[in-house]
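See below for the structure under consideration.
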Amino acid sequence: MGPLLMGEPDPTLSDDALLVLYANGDGRAAQELTGRLAPRCLGVAMRVLGNRAEAEDVTQEAMMRLWRMGPNWQPGQAQLSTWLYRVTMNLCIDLKRRQKGGYVDLDAVPEPEDTARSAAEQIQDGTRHDALQAALMQLPERQRQAVVLRHIEELANPEIAGIMDISIEAVESLTARGKRALAAVLANKRQELGYNDG
Amino acid sequence: MAELDKAMQELDDLFASAREAPRHLPDHLNKAILADAVTARSEAAVAEPAVKPVVLQRQGFWRQLLLAVGGLPTIGGFAVACAAGVWIGLEPPSFLPDPAQLVGYSDSTSVPYDSYDLAVMLGEEVQ
């Protein structure tokens, strides 16, 4: 087997097909898969862990597991993104268990880059995103995972159930309780977040 | 109730805003992931031998004998044939010909009696 081929990736192929190509030595497939999956993996890890450095470590490890699993992947058996979300969540849980409680790195949360908005609006958006992340970090681990997957990643409940290895009813319960808890936390900060009562 | 609805609506707006935030993969992480892809592929290539080695195993005498006669199916057929032979010899079914007639005797039942009578007669002579 020679070195990986490099060049322009093919954006029309499915994740499954790209992984098979990668396993056969096509480096362009690795580039395309990284572009598609790694940002999602990083985003979820950032929301769940609340720390950029840790999220990057988790993302790199999850992608490494993807590369190693590549030759054994059965196309059509499951969605590759679902598998990767599951690996990412498990890595986050393992990390949190080792740490015995995490911490919130608000500077690590990405802020929207919208040049069309005024500086004041961007600051307010940043403040709100920080507040959302801080509120998320107050949720129990499983609630936070379910809320992030449902409301930020916009995954369907059956897919979340598969990722978290729980029933759909448990997903519905976790997201409902998590959302209520978030609303309660954020309700106390309405003034500083710029929400008016009118 | 209205307060809760308002809080939920604001939370939904926050989620929507978080979803719209661009997802940027830092260059150093992108490079590290692609370097891992090359490493993992190299490891897989090393782990896949070009020709699968043939494993030679030394087999015991009985195992070799079993394989030489054709394995378990042959042994099974042999056992059935033996059982059928014993059955036919001891209690032959009525539709089969009497084997004694095949070798020249008129009736197989007379053979043991004749032999018995002969043995008794000879025994009496000896006494």
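Using a 10 Å cut-off on Cβ to Cβ distances, tally the other chain neighbours for every residue of A:33-42 and report the average as a whole number. Please report the intermediate quantities before stating the final value.
On the way: counts 3, 8, 3, 0, 2, 7, 7, 2, 3, 5.
Per residue, the number of nearby Cβ atoms from other chains is 4 on average.
Using the Karplus curve 6.51 cos²θ - 1.76 cosθ + 1.60 with θ = phi - 60°, work out ³J(HN,Hα) for each residue of region A:28-39 in order, rounded to whole Hz, and write x for Gly and Pro.
Those phi angles translate into 5, 5, 5, 4, 5, 5, 4, x, 7, 9, 4, x Hz.
HN-Hα J couplings of region B:67-73 from phi, Karplus 6.51/-1.76/1.60, θ = phi - 60°, integer Hz, Gly and Pro as x?
Taking θ as phi minus 60°, the curve returns 5, 5, 8, x, x, 4, x Hz for region B:67-73.
Can you put B:Trp87, A:Trp83 in order of accessible area, largest first, using a 1.4 Å probe?
B:Trp87, A:Trp83
Residue separation times 0.36 nm, minus the C-alpha to C-alpha distance between A:Met69 and A:Ala156: what's the value?
The span from A:Met69 to A:Ala156 would gain 28.8 nm if fully extended.
Return the FRET efficiency for the residue pair A:Asp130, A:Leu13: r is the Cβ-Cβ distance, R0 is 45 Å, and the value is rounded to the nearest 0.05.
With a Förster radius of 45 Å, E is 0.75.
With every atom except the alpha carbons ignored, what do you get for Rg and Dmax of region A:26-79, in angstroms?
12.2, 34
Order A:Ile166, B:Ile75, most accessible first, counting only protein heavy atoms with a 1.4 angstrom probe.
Largest accessible area first, the residues go B:Ile75, A:Ile166.
I'd like the Karplus ³J(HN,Hα) series for region A:177-186: coefficients 6.51, -1.76, 1.60, θ = phi - 60°, whole numbers in Hz, and an x wherever there's a Gly or Pro.
Running phi through 6.51 cos²θ - 1.76 cosθ + 1.60 with θ = phi - 60° gives 5, x, 5, 4, 5, 5, 4, 5, 5, 6 Hz.
Work out, step by step, the length gained on full extension between A:Gln138 and A:Ile93: first 0.36 nm times the residue separation, then minus their alpha carbon distance; give nm to one decimal.
This chain segment gains 14.7 nm when fully extended.
For B:Val38 paired with B:Leu72, estimate the spin-label separation in nm (one decimal), with each label point 7 Å from Cα along the Cα-to-Cβ line.
Once both label points are built, they end up 5.3 nm from each other.
Please give the average number of partner chain Cβ atoms lying within 10 Å of the Cβ of each residue in A:177-187, rounded to a whole number.
Other-chain Cβ atoms within 10 Å of each residue's Cβ, averaged: 4.
Quick one: if you stick a label point 7 Å off each Cα along the C-beta vector at A:Ala78 and B:Glu91, how many nm between them?
Each label point is offset 7 Å from its Cα along the Cβ direction, giving 6.1 nm.
The values are calculated or read from the model by the stated rules, or taken from the named source; none is laboratory data. Quick caveat, the model's predicted, so the values are computed rather than measured. Neighbour counts are summed over all protein chains in view; Cβ atoms, including those assigned to glycine, are modelled from backbone coordinates with ideal geometry. All accessible areas refer to the heavy atoms of the entire protein, side chains included, with ligands and DNA or RNA removed. Shrake-Rupley method; radii C 1.70, N 1.55, O 1.52, S 1.80 Å.
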